[in-house]
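To start, the structure itself, in structure tokens.
The values are calculated or read from the model by the stated rules, or taken from the named source; none is laboratory data. Values in this document were obtained by computation on a predicted structure and should not be read as measured data. Here the Cβ is made from the backbone with ideal geometry for all residues, glycine too, and neighbour counts use every protein chain on show.
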Amino acid sequence: MNNDTKKLVWEPPFIQPHRMGEINKFGRARLHDNSKSSVYGVSVVELLRRFGSPLFVTSEKQIRTNLRNTKKAFERRYGSVVHGWSYKTNYISAVCNIMHQEGSWAEVVSAFEYEKARALGVPASKIIFNGPNKPKFILERAIAEGAQIHVDHLDELQLIESIAKDQDKVVAVVLRLNFDTGYTEPWSRFGFNIESGQAHQATKMIALSSHLNLTGLHSHIGTFILEPRAYAEQVRIMCKFMRELESNEDFCIDTIDIGGGFASQNALQSVYLPPEQVVPPINEYADAICTALLEGTQYRRQIGRELPRLIFESGRAIIDDAQSLICTVVGTKRLLDGRRAAILDAGTNLLFTAYWYNHQVHTTKASEGTVADTVLYGPLCMNIDVMRHSVQLPPLSQGDNLVFSPVGAYNNTQWMQFIEYRPNVVLVHENGECSVIRMCEDLSVMMQQDRLPEHLSMPFPDTSAMARMINSGTIARRS
Amino acid sequence: MEELLSRTGGKVPSRERLSQLAVSETGFIFDPQTGQSFSVNPTGLVVLDLLKRGSTLDVASSSLADRCGTPAEIASSSVEAFILQLGRYL
Amino acid sequence: MKATRHKGKSWQNYKVAVTGINARAENPGPGCAVARCIQEHPQFKGSIIGLGYDALDAGLYARHLCNNSYLIPYPSEGEEALLYRLSQIHRAEGLDAIIPCLDSELQNFARLKSELQLMGISMLIPTRDQFNLRAKNHLSTFCESIDVHAPESKALSNPSFFESCEKEGWKYPLIVKGLFYDAYVVHSAFEAKTVFAKLVSTWGYPVLVQKLVIGDELNLAAVGDGKGNMLGAVTMRKKALTEKGKAWAGVSIVDEGLTKVAERIVAGLNWRGPLEVEVIKGYDGKIYLIEINPRFPSWIYLSHAVGRNLPVAVLKLLSGVAELELSEPTSGTFFIRHAQELIVTLPEFETVLTEGRLAPQMVQDQIIRSA
């Protein structure tokens with residue numbers, strides 16, 4: 001250590017005790033340099049200069065490619081297939097319209113989502129209306145306009161029937177089912193249960209009504225399903241139910257909706273192996289589903305009936321890797337246990353899914369210094385605002401940028417407006433141009449919905465005036 | 001270092017204690033008194049080496065500031081924090 | 001990296017890397033036993049490189065087993081990180097073969113098979129499909145397809161199952177297992193849920209629950225040639241168990257029923273590489289398949305003792321030797337597992353800690369001293 005002339009990279013001096021049982025210098029070694037100076041072909045520096053930090057960047061090309069590949073996987077195997085774009089996954093208008101331009105219908109689950117789809121210009125006949133809460137006013141509109149309604153519970157079925165009577169219509173309904181596939185925990189809170197007979201009871205009600213017609217069956221077995229055989233079992237159970245229905249009642253089922261839930265290349269915190277090893281390719285899902293569906297509908301071909309239309313509502317698998325989040329380091333720390341920490345200008349307020357997923361984190365320039373375990377915190381004054389509890393990164397300094405990916409699913413819809421403005425969301429067009437598709441918030445957006453009663457219009461009103469108001473009884477005296 | 005002790009009230013290791021440590025060029029440190037081992041980062045290694053060889057706090061700080069091209073005040077407050085950290089472990 | 005460097009090289013001179021060299025007394029990995037089988041084979045003149053996951057993996061310092069050793073990235077880091085590290089090690093060592101010994105790392109190695117082959121490193125391991133078919137959560141389906149009994153089992157993602165399972169015919173005690181490792185016998189819903197949470201935090205979802213079958217626990221180790229043939233089975237009956245249910249003592253036996261079941265498994269999967277078949281021979285005389293492990297067991301040294309050195313058989317297969325020279329299966333050879341202390345010097349520990357390897361000159365010293 002006598003070589004005093006050698007230049008050193010500055011870092012506060014630090015000593016770290018070894019803890020036995022967790023020592024492996026290469027254990028979580030990341031690759032030599034995984035920095036990433038551009039996202040979707042556009043320079044990070046340029047993007048931040050134009051649109052500020054933090055910033056969501058969306059790729060039109062990636063969305064279209066993902067959607068085409070997924071649809072092709074099903075069409076090749078089954079034929080008549082409709083993709084319903086699950087609005088709740090990402091309902092930024094431009095994202096929805098890319099999906100619609102590719103032929104996807106809108107799959108909506110609330111009055112707001114229904115109104116949004118209509119406002120974007122989606123015809124009601126291409127809206128799948130799902131979800132447990134459909135208030136009367138929106139059901140009336142959806143029925144009048146001819147949307148495809150998926151029924152969740154008996155009260156809703158009765159409401160639909162009474163609206164149908166009022167409008168003097170026969171309404172085609174799709175029944176949402178739940179059942180045990182043996183692979184995933186059944187989501188028994190949605191739809192009608194097959195094993196308990198609820199589903200049969202509902203079909204009886206529909207059969208007895210002169211204003212209802214059952215035309216489809218729907219179920220959704222869960223989210224981030226890593227086992228394609230779960231879908232095969234789902235389809236088998238649905239087809240069996242359909243066959244019983246068609247032989248006992250005068251129904252003709254023209255729609256089988258298998259919901260979504262295909263996994264994306266994201267690392268769920270509870271899964272040990274990395275996503276590239278556990279997430280099946282889309283073809284494996286399509287294979288399992290279409291093989292089971294072709295088998296289960298064999299009987300219809302024998303009696304000369306057409307095959308039902310297959311609807312899938314894949315959200316995450318289409319959009320997740322088509323969006324990244326760029327953010328900036330606002331400060332760094334050493335935690336008491338010796339780990340490095342950085343505070344970022346984006347937290348779980350923007351990346352809500354950081355609670356369940358370990359998103360990939362890339363630096364944006366090659367950096368010197370040893371890679372070490374680092375904690376990434378968001379900007380919120382909330383202890384749970386952690387973007388990554390543990391990630392191997394080179395030393396970070398204020399002003400450095402990080403890219404989180406994939407973030408396209410459920411963040412632009414579940415993000416929350418807590419103490420911070422939400423940032424710009426931009427789209428990289430197919431030709432490489434960039435434009436804002438959702439403006440960042442500012443004070444006027446935040447205060448737009450507030451209303452101040454007259455007597456609260458001033459935060460610190462003139463005290464003598466206040467005294468007069470108290471004496472005259474305009475304001476109650478505090479007890 | 002005694003001055004640091006009276007100012008912060010923290011535990012500051014004596015020079016004798018520091019000289020017991022087996023310090024290798026790779027930043028591996030072994031404390032023969034407790035059997036505990038540590039890793040020290042390159043700047044910490046420079047400071048520890050200087051202190052073991054008898055440098056004062058001020059000399060260690062300024063020589064670290066020189067080697068890294070860091071403002072003297074930042075180096076000196078970081079070195080103090082480092083010594084207090086050593087005090088917690090030794 | 002010389003792609004064809006080892007072509008024609010005889011297995012006796014191989015440089016073989018072995019993983020799973022952790023050797024905690026209550027639940028050792030198989031790596032040290034595999035290394036020992038190879039080192040003690042009279043014709044082996046090559047060397048063994050230990051690949052560890054933690055500075056306390058004993059094999060890293062056990063020079064009579066591993067001539068040199070390195071730390072490698074955890075399996076959860078994925079194959080790219082592994083390839084990068086293996087390339088570094090290969091540049092320093094020039095490996096001919098790798099014998100992966102842990103379940104959780106096998107997918108990584110399977111996905112790197114052709115890259116490693118191009119670098120001149122061969123492995124006798126199953127394909128991803130073979131690996132998946134025998135996975136714990138697919139096992140019952142596979143058993144049906146080859147007409148082998150298996151205790152009823154179920155994949156769980158919600159511990160509420162344990163509250164109501166007795167009504168559905170799942171009577172306690174039950175066995176609760178992690179996706180890769182660990183199995184616990186539980187006697188109540190409370191215990192089951194505690195174990196469930198522990199397994200999820202280590203191995204993630206799903207967690208498997210299996211009905212308990214009463215009988216003798218038999219284990220068989222063998223090698224599949226990838227063409228449907230099973231080579232050199234060695235069968236062991238556990239005589240005493242550690243707290244974790246691992247063999248503490250065992251004895252070699254010959255059980256034709258089990259051998260036939262194992263043959264059906266190897267043929268049914270076209271299994272390529274080492275495997276361990278764990279069964280219970282029920283008091284009803286039936287054989288129930290509990291698990292198929294895609295690697296050698298930690299008791300594999302018994303194979304050397306009974307004249308059927310299976311790790312060496314793998315090396316022979318990799319180098320294209322047709323004659324494996326395995327003796328007839330024999331019964332009555334016992335083993336008792338014992339723990340002993342390995343001495344590690346401060347410089348050895350330091351290089352493993354700071355550089356993730358043993359320093360080559362120290363390895364040299366050691367060889368000179370022991371010569």
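Miscellaneous remarks
- Identity of the residue in the range C:124-133, more than 14 Å from the chain's Cα centre (by Cα) and touching a residue at least 40 places away in the same chain (Cβ under 8 Å), that ends up nearest to C:ARG91 (Cα to Cα): C:THR127
- Taken over the range C:158-192, the criterion of being within 11 Å of another protein chain (Cβ to nearest Cβ), buried (at least 17 other Cβ atoms within 10 Å of the Cβ) and outside any helix (DSSP H, G or I) is satisfied by C:PRO159, C:GLY178, C:LEU179, C:PHE180.
- Meets criteria (within 14 Å of another protein chain (Cβ to nearest Cβ), of a type in the set (S, T, N, Q) and in contact with a helix residue (DSSP H, G or I) (Cβ under 9 Å, 6 or more places away or on another chain)) for C:ASN108: yes
- Single condition B:GLY44 does not satisfy, out of (1) surrounded by fewer than 17 Cβ atoms within 10 Å (Cβ to Cβ); (2) facing chain A (nearest Cβ under 8 Å); (3) not aromatic (Phe, Trp, Tyr): (1)
- Taking the range A:222-302 as the region of interest, the helices (runs of 4 or more DSSP H) fully inside it that hold 2 or more residues being touching a strand residue (DSSP E or B) at 6+ places or on another chain (Cβ under 9 Å) and under 23 Å from A:ALA73 (Cα atoms) are A:228-248, A:275-278, A:282-296.
- Residue-level check: of (1) buried (at least 23 other Cβ atoms within 10 Å of the Cβ); (2) of a type outside the set (D, E, K, R); (3) assigned to a loop (DSSP other than H, G, I, E, B), A:GLY338 misses just (1).
- Flag for A:GLU420 being within 36 Å of the chain's Cα centre (by Cα), assigned to a loop (DSSP other than H, G, I, E, B) and closer than 18 Å to A:VAL329 by Cα: yes
- Test: residue in the range C:99-108 that is among the hydrophobic types (A, V, I, L, M, F, W, C), part of a strand (DSSP E or B) and not assigned by TED's automatic domain parsing to the domain that holds C:GLY228: yes
- Test result for B:SER62, more than 10 Å from chain A (Cβ to nearest Cβ), out of contact with any Asp or Glu (no Cβ under 8 Å at 6 or more places or on another chain) and assigned to a helix (DSSP H, G or I): yes
- Residues being assigned to a strand (DSSP E or B) and free of Cβ contacts under 8 Å to residues at least 60 places away in the same chain - total across the range A:345-382: 6
- Where a residue in the range C:79-93 is facing chain A (nearest Cβ under 8 Å) and farther than 9 Å from C:LEU112 by Cβ and its partner, wherever it lies, is surrounded by fewer than 21 Cβ atoms within 10 Å (Cβ to Cβ) and among the basic types (Lys, Arg), with Cβ under 8 Å and at least six apart: C:ALA81/A:ARG30
- Only a single criterion out of (1) at pLDDT below 90; (2) farther than 26 Å from A:PRO274 by Cβ; (3) among the charged types (D, E, K, R) is not satisfied by C:GLU191, namely (1).
- Inter-residue pairs, beta-carbon under 8 Å, first away from chain C (no Cβ under 14 Å) and touching a residue at least 40 places away in the same chain (Cβ under 8 Å) and in the range A:171-187, second of a type in the set (Asp, Glu) and part of a strand (DSSP E or B), 6+ apart: A:VAL174/A:ASP257
- Filtered by the rule that a residue be in contact with a Ser or Thr (Cβ under 8 Å, 6 or more places away or on another chain), within 15 Å of A:CYS327 (Cβ to Cβ) and of a type in the set (A, V, I, L, M), the range A:347-366 gives a lone residue, A:ALA354.
- When restricted to residues that are modelled with pLDDT under 95, closer than 24 Å to C:LEU82 by Cα and away from every other protein chain (no Cβ under 14 Å), the range C:24-64 contains 4.
Residue-wise test of (1) surrounded by fewer than 19 Cβ atoms within 10 Å (Cβ to Cβ); (2) closer than 21 Å to A:LEU48 by Cβ; (3) of a type outside the set (A, V, I, L, M, F, W, C).
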residue	(1), (2), (3)
A:HIS359	no, yes, yes
A:ALA366	yes, yes, no
A:THR370	yes, no, yes
A:VAL375	no, no, no
A:MET382	yes, no, no
A:MET387	no, yes, no
A:SER390	yes, no, yes
A:LEU402	no, yes, no
A:PRO406	no, yes, yes
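- Residue check, A:MET205 more than 14 Å from chain C (Cβ to nearest Cβ), in contact (Cβ under 8 Å) with a residue 60 or more places away in the chain, of a type outside the set (Val, Ile, Thr) and touching a helix residue (DSSP H, G or I) at 6+ places or on another chain (Cβ under 8 Å): no
- Among helices (runs of 4 or more DSSP H) entirely within the range C:109-156, having at least 3 residues that are closer than 22 Å to C:LYS177 by Cα singles out C:128-133, C:139-145.
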